[in-house]
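The values are calculated or read from the model by the stated rules, or taken from the named source; none is laboratory data. This is a predicted model, so every value here is computed, not measured. Ideal geometry is used to build each Cβ from the backbone, glycine not excepted, and the neighbour counts take in all protein chains shown.
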Amino acid sequence: MLSEPKVLLLSSDEAEARKWEEMFRQHATLRIALNLDELRTNLEGDSYDALFCGWSFQMGTWNDALRQVRSRCPELPVVVFSGTGGEREWVQVLESGAFDLLVAPYEKRTVMPILEQAVASCEARRFHRTGSYLNSSAS
């Protein structure tokens, strides 16, 4: 995993955002977006290694965010988090193309391995895209 991955957090809940900041403090650089407009601005202005997205937020849902990410940064892994959920929600999230679903309580011991896997996935996708580009340009 990168020494300090860049994580974008999409959540309009201030208390929730503070909890995520605390959890990622020593492990990642975190930027917070409150809504889809801020998500778009952040995606256009910088690159990230993972997006952690609340189930719902100010004027949107995880599915809205996922569509926006797929159109702008298809290699970016999206981890959806929710206060409640079960197998049905997990399947729905995965079938939609998100990386994973986290259900509260969010604890460092379960979140950090998911962050590591998401970052490794993102790095592999970027490497594959770059390698594929180099192979096709050599032909």
*Which one of these is at pLDDT 95 or above and surrounded by fewer than 19 Cβ atoms within 10 Å (Cβ to Cβ): Glu44, Glu16?*
Glu44
*If you go through segment 72-106, how many residues are among the charged types (D, E, K, R) and touching a residue at least 60 places away in the same chain (Cβ under 8 Å)?*
0
*Tell me which of these Val69 doesn't satisfy, since it passes every other one: (1) under 21 Å from Lys19 (Cα atoms); (2) in contact (Cβ under 8 Å) with a residue 24 or more places away in the chain; (3) under 11 Å from the mean Cα position of the chain (by Cα).*
(1)
*Inside segment 63-75, can you point out the residues that are surrounded by fewer than 22 Cβ atoms within 10 Å (Cβ to Cβ) and not polar (S, T, N, Q)?*
Asp64, Leu66, Arg67, Arg70, Arg72, Cys73, Pro74, Glu75
*Only one of these conditions is not met by Pro74: (1) assigned to a helix (DSSP H, G or I); (2) more than 25 Å from Arg25 (Cβ to Cβ); (3) of a type outside the set (Asp, Glu). Which number is it?*
(1)
*Considering segment 84-107 alone, what residues qualify as being of a type outside the set (S, T, N, Q) and loosely packed, with under 15 Cβ neighbours inside 10 Å?*
Gly86, Glu87, Arg88, Val91, Leu94, Glu95, Gly97, Ala104, Pro105, Glu107
*Considering every residue within segment 52-62, establish whether at least one is crowded, with 17+ Cβ neighbours inside 10 Å, at pLDDT 95 or above, in contact with a Lys or Arg (Cβ under 9 Å, 6 or more places away or on another chain) and of a type in the set (Gly, Ala, Ser).*
no
